[in-house]
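The values are calculated or read from the model by the stated rules, or taken from the named source; none is laboratory data. Here the structure is a predicted model, which means the values were calculated and not measured. Cβ: placed from backbone, ideal geometry, glycine included. Neighbour counts: every protein chain shown.
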Amino acid sequence: MSDAKFLTRCLQLANQARGKTYPNPMVGAVIVHHGRIIGEGYHQMAGGPHAEVEAIRSVKDQTLLPSSTLYCSLEPCAHHGKTPPCCELISKHKISRVVIGMQDSYHEVNGKGIQHLRSHGIQVDFAKDPTPFQQFNKAFIINKTHFRPMVTLKWAQTKDGFIDRVRSVDSDEQALKISGKISSLLTHRLRSSVSGIVISAKTAVLDAPSLTVRLWHGTSPIPIIVVGDTYKPSNSWLRSLEVAPILIAKEAYTGFTTIIADSNDITFWLPKLLEYDIGHVLVEGGARLLQSFIRENLDDEVIRYTGSMSIENGIPAPFYDQFDERTLLDSDVYEHKY
C-alpha cells in the first residue's frame, strides 16, 4: 500500500511538466526514509536534470540515502544523453531499494537501468500494475516505438450525430456551437498539453480559428494545416496565428514551414512532425480529416462531446463506437477512449 502511495506521488510530480519534456518522458521521483518523504523531484524540461537527480539533490541529509527507498515512475536511464545515466547516480549514493512504475521501452534503456541497479546490490521492485504509468507516458512510448507523434482526436457533435450545418465558403454563418463551457475549458486544457494542433484547410477557411490556449494557462500548440486541392488558407490568416504554423501541402507556402506531401497520405507526413519537436498532436477537424485518422488506425486517444441539440441535417460526425468512459458535463456527454 505504501509503495502505491509513493508511486502515485511520482505521477503527481511528473504531471507538473506536462507538455514541456519532449522528446523525453514525464518522470517523477520520491525518496522515502522509514516511511517519510525526505526528497522529491521531477523532470522539468528536456535537457534539464532528470527526476532522480532532482530528488537526490533535494535531500538535506545525504547520509540517509543508503537506508532509503527511491520511487520513480519510470525506469532510471542507463545511457549518456544530455545528462549522465541516473542509474549510476543511484548506485553511487548506495540507495538500497528502488521501486519503478514501469520499465522503459526505449531501446537505449529497456531494462539496462534495472540491470545496472541489481548488479550493484540494489533491490528493484515494480508497481503491481504498470498500466497507469504506461498511459501517463503514452505519447513518449508511441514516439519511441511507432516513430510518430501520439494522436488525440477531438470533436463535438449534436445529439443526432452532426458536427456542423452545411456552410459555403462565402457565407457569414458561424460554426454551430455545440459544446458547453466546461467542455471548452477541457479542450483548452488539452491544447496546453499537446505540441501540435491539426485542422483541415477547409476548417481554416470557413472558421479562421485562433487555435490558442485562451481558457487555460500554458503554451499554445503549433498549428498544423492540412491543405488539399479545394481549400487554401489565406496568407493573412496564417500570419495572424499566435504560433507560426506548419502546412502539409503539395507545394511550398512562401514564408511558412511546409511539409511537401499529399494531404491524404497521413502515414507519410505524420512521422515527419517529430522533426519539428511535435510528439503529440490534437486533431480538431474537419470531419473528413478526423475520419481519415480513424481509417488509418491512428486513433490513440479519442474525445467526443455530444450536445443536447438536434439539427436533423448537416455534416455527419466521424463514425466511432469504441468509447469506454462516459461522464455528464453541463448538458454535454463527454466520451473518452484511451
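When residues in the stretch 185-220 are screened for being charged (D, E, K, R) and surrounded by 20 or more Cβ atoms within 10 Å (Cβ to Cβ), 2 of them pass. Taking only pairs six or more apart or across chains, which ones have beta-carbon atoms under 6 Å, a first residue in the stretch 177-193 that is touching a residue at least 60 places away in the same chain (Cβ under 8 Å), and a second residue that is of a type in the set (D, E, K, R)? Qualifying pairs under 6 Å: S179/D332; G180/D330; G180/D332; I182/D330; S183/D332; S193/R18. Here M26 fits the description: outside the structural domain of H280 (by TED's automatic domain parsing), in contact (Cβ under 8 Å) with a residue 40 or more places away in the chain and touching a Ser or Thr at 6+ places or on another chain (Cβ under 9 Å). Can I266 be described as among the hydrophobic types (A, V, I, L, M, F, W, C), within 25 Å of R165 (Cα to Cα) and either in the same structural domain as R304 (by TED's automatic domain parsing) or at pLDDT 95 or above (or both)? So I266 does not fit the description; no.
Going by what's in this entry, would E40 be described as touching a helix residue (DSSP H, G or I) at 6+ places or on another chain (Cβ under 7 Å), in a helix (DSSP H, G or I) and assigned by TED's automatic domain parsing to the domain that holds S91? Judged against the criteria, E40 is not a match.
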